[in-house]
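A quick write-up on the structure given underneath.
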Amino acid sequence: MNNGVAAFIKDYLGVKSPKTAIILGSGLKDFIDNIEDKKVLKYKSLPEFPESTVEGHNGELIYGMVEGKEVLCINGRVHLYEGNNPRKIAEAIYSLKDLGIEQLIVTNAAGSLNEKIAPGSLMLINDHINFSGRNPLVGPNDAHYGPRFSPMNNAYTPELLEKIKKIAKQEKIDVCEGVYLMVLGPNFETPAEVRMFAKFGADAVGMSTVPEVIVAAHCSLKVLGISVITNYGAGLMSSLPPSHEETLEMANKASANLCHLLTEFIKKEG
Ligand code: HPA
């Protein structure tokens with residue numbers, strides 16, 4: 001346990017008692033405009049939150065109000081393909097737990113493995129497949145946070161999934177639901193890999209989210225996961241090869257719907 005980090009964040013940002021933290025994925029930072037009375041802490045001052053080296057991923061914690069609710073926003077996550085030790089991700093999530101956060105919203109940009117899920121769609125994640133070969137819980141277990149062998153049955157909290165589906169319906173925002181598969185990256189998949197992942201039962205593929213959710217499940221944080229589908233996986237629907245530029249552009253386009261959905265969720269459940 002390392003309460004020092006939480007104490008530092010609390011002090012620096014004047015954090016009171018937010019229930020919700022949000023991790024913003026690639027190209028999804030528009031949500032920051034919805035935060036009022038913002039206070040910002042750059043990761044540079046926080047050794048436990050390693051800085052991202054990827055374009056489109058800033059590195060800062062933003063604390064403020066959305067619809068009258070306190071929110072802590074992680075703008076710019078780190079990825080394992082940058083060479084980060086997965087334990088760093090565990091430390092960052094445990095600091096959220098130490099701060100009293102109860103629910104974590106994780107967003108990402110992902111490629112579709114399913115012809116029915118077109119670029120521009122919002123996919124609510126109902127489960128994942130860890131194909132990254134890495135795990136942030138490897139190493140000594142801190143029993144203060146959770147057990148050595150952590151169950152993953154309801155890692156994406158069914159109750160939050162039901163709530164967000166209801167809100168999406170009320171707000172007339174189209175959403176679909178599916179399984180997210182994480183690859184280590186940084187290369188995009190081959191067409192053969194895309195076909196294999198689809199056969200595994202995955203609907204979307206990306207290079208993030210799974211480590212954060214594994215740690216969140218370990219320390220009993222509720223999780224809501226949302227993928228913005230930015231492209232079809234390589235070879236699917238005879239698409240052009242995916243690119244980071246296309247990912248950012250499509251994420252920006254779909255982010256209005258995502259921002260609306262997140263804002264309504266926080267208003268009602270934050
Ligand atoms: N593959 C992996 N990660 C991604 C993709 C993809 O097609 N699109 C956005 N992130």
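The values are calculated or read from the model by the stated rules, or taken from the named source; none is laboratory data. The structure presented is a predicted model; accordingly, all values stated were derived computationally and were not measured. Cβ atoms come from the backbone with ideal geometry, glycine included; neighbour counts cover every protein chain shown.
Observations, loosely collected:
- Number of positions in region 217-238 that are crowded, with 22+ Cβ neighbours inside 10 Å, within 14 Å of the ligand (Cβ to nearest atom) and outside any strand (DSSP E or B): 1
- Residue tally, condition of a type in the set (Gly, Ala, Ser) and under 15 Å from LEU258 (Cβ atoms), over region 171-205: 1
- Filtering TYR94, TYR81 for residues that are aromatic (Phe, Trp, Tyr) and surrounded by 23 or more Cβ atoms within 10 Å (Cβ to Cβ) leaves a single hit, TYR94.
- Qualifying positions in region 100-139 - away from the ligand (no atom under 16 Å from the Cβ), within 30 Å of GLY4 (Cα to Cα) and in contact with a strand residue (DSSP E or B) (Cβ under 7 Å, 6 or more places away or on another chain): ILE101, GLU102, GLN103, LEU104, ILE105
- Filter pass, ASP33 being modelled with pLDDT of 90 or more, assigned to a helix (DSSP H, G or I) and surrounded by fewer than 15 Cβ atoms within 10 Å (Cβ to Cβ): yes
- Unique residue being within 25 Å of LYS29 (Cα to Cα) and buried (at least 20 other Cβ atoms within 10 Å of the Cβ) when the list is ASN108, ASN187: ASN108
- Matching residues, region 198-216, being surrounded by fewer than 23 Cβ atoms within 10 Å (Cβ to Cβ), outside any loop (DSSP other than H, G, I, E, B) and touching a residue at least 12 places away in the same chain (Cβ under 8 Å): ALA198, PHE200
- Residue that is surrounded by the most Cβ atoms within 10 Å (Cβ to Cβ) [pool: residues in region 239-270 that are among the aliphatic types (A, V, I, L, M) and near the ligand (Cβ under 9 Å from one of its atoms)]: ALA251
- Every residue from region 49-71 that is modelled with pLDDT of 85 or more, in contact with a helix residue (DSSP H, G or I) (Cβ under 6 Å, 6 or more places away or on another chain) and part of a loop (DSSP other than H, G, I, E, B): GLU67
- Test result for MET152, under 17 Å from PHE200 (Cβ atoms), at pLDDT 95 or above and more than 16 Å from the ligand (Cβ to nearest atom): yes
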